[in-house]
Amino acid sequence: MSDCVAIAPELPFRSQIAETLQHASRSMQPAEQVAARELLNTFDKQLKPADGTEPTVETKREIVRKVVDTFVETKGALEAAKEGEAESCSLLLQHVIADNFDTAGTDYATLVKSVAEAVRVGGEAAAEAGRPGKVEIAERILTNSYNFFPAESPLRPAVLLTLITLLGAADDLSALPLTPAILNPALSQWSTSEADKVAFLTQAAGVYEKAGDLARALDLTVLALERAVDGKMAEHALALALAVPNRFDVDDILKVQGARDSLAGHADELVDLFTKVDELAAVDKAAAWAKANGAYVDSLGVAGLDADEVLRKVRLVALTTLAARSATKEISYADLAGALKVDEAEVEAWVIDAIRAGLLQARLSQPQSLVRIISVSSRGTRRFGTDEWKLLEKRLGEWKVAVAEARVTIESAEEVAAQGPITNQRRPQQRRQQGQQEQQEETAQA
């Protein structure tokens, strides 16, 4: 591929066109290949007019447009005989387009997007046909195309979105982990409007959401919100946050300036359940809210999110809060059932759910109907008020006592160690020596 780019300027225009057109013809049926050869003969006549004059710029551009049309008709011309041939000729075509059109003009952008879209269509067709090798070639072509443009090029987001769409269709989005840390520098370089950047982010988020990667979709939606706060977008971000399986807060959305104020009606009430209302009191409110607003939650259109899931998360937050506030680190099944508003027989299932969600570590004692708390994650608790300070003070006191006792034990062990080894064999010898000394003293006195 690098060789193709290096020799492209040295090839005459006719050779560049012939190379790309011949490559595209390999993806055609035999009858169409004949038509491609005839097309090349037509180009030869245009490039060598009878009067001997040089072809005009517009003539060359028209030829390039027809070559691009051929690539579009052949869905990116991915059916090359050799694996690297499709990539090399794609780069050559990129050079031909850039060499004959104003790279800042709309014609150039249209042709580039047409080629990228054709490669995506071909890649998706290969994915449906179960041909992963061709899919990988299409992915590499789009990656090379993205890197072909300067970092500030407004075509980069368009090609990147095309690549993301192909990866989503091929169930291969893990190959391109678009994190905020990666995207933010690129977004700052692209010479496109804020509206175009927001459009890119929302469309990319849609691809990840369709693929089931709700966490990544949420990240991209929040990035879009940071650039343009919109009530509908904020509402969708809220739905994504609540649909992510092991996420129990909406903090990332509320951190965006203006996002909270843009939420109204049912969305505003939903946020309050996870922010304003006391965690334990929220269970009753959430049960009533979920019963009355199931249709609203369904209308948000996020897979995995319904009214029952909202209530489940509120209950798990309440369970985690109760565990964090427990001074004895033991909670009875009856207390948990009362707090969660469920039957006592369901308590163990709820505790196991919280453990699997990473909210706490605990042991269940069925004979005593007790839950013994080992540790609690901060992901499920959101407040640190007077009661929490008192509990922390109490536990710090307990830890100080335990540390003091441990220090005493260590100091005692160090004193014993400093005295040296004392064995049962040595003690009789010491007694004999003491007895001999006493006999000597008595003899001396006599």
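The values are calculated or read from the model by the stated rules, or taken from the named source; none is laboratory data. All values reported here derive from a predicted model rather than from experimental measurement. Counting neighbours? That spans all protein chains shown, and the Cβs are built from the backbone with ideal geometry, glycine included.
Structural remarks
- Whenever a residue of the stretch 311-338 is under 16 Å from Lys285 (Cβ atoms) and not assigned by TED's automatic domain parsing to the domain that holds Ile352, its partners that are aromatic (Phe, Trp, Tyr) and modelled with pLDDT under 95, lying with C-beta atoms within less than 8 angstrom and at least six residues away or across chains, give the pairs Lys313/Phe248; Lys313/Phe274; Val314/Phe274; Leu316/Phe248; Val317/Phe248; Val317/Phe274.
- Residue match in the stretch 398-415 (condition: of a type in the set (Gly, Ala, Ser) and at pLDDT below 75): no
- So Leu311, is it crowded, with 16+ Cβ neighbours inside 10 Å, under 25 Å from His236 (Cα atoms) and at pLDDT 95 or above: yes
- Residue tally, condition touching an Asp or Glu at 6+ places or on another chain (Cβ under 7 Å) and not hydrophobic (A, V, I, L, M, F, W, C), over the stretch 295-326: 4
- Neighbours by Cβ (under 7 Å, 6+ apart or cross-chain): first from the stretch 25-43, modelled with pLDDT of 70 or more; second surrounded by fewer than 13 Cβ atoms within 10 Å (Cβ to Cβ) and not basic (Lys, Arg): Arg26/Ala81
- Number of positions in the stretch 162-209 that are surrounded by fewer than 16 Cβ atoms within 10 Å (Cβ to Cβ), touching an Asp or Glu at 6+ places or on another chain (Cβ under 8 Å) and part of a helix (DSSP H, G or I): 3
- Any hit, the stretch 295-307, residues being within 23 Å of Gln361 (Cβ to Cβ) and either in a loop (DSSP other than H, G, I, E, B) or among the polar types (S, T, N, Q) (or both): no
- Filtering Gln419, Gln361, Gln425, Gln366 for residues that are more than 16 Å from Glu279 (Cβ to Cβ), modelled with pLDDT of 90 or more, surrounded by fewer than 10 Cβ atoms within 10 Å (Cβ to Cβ) and polar (S, T, N, Q) leaves a single hit, Gln366.
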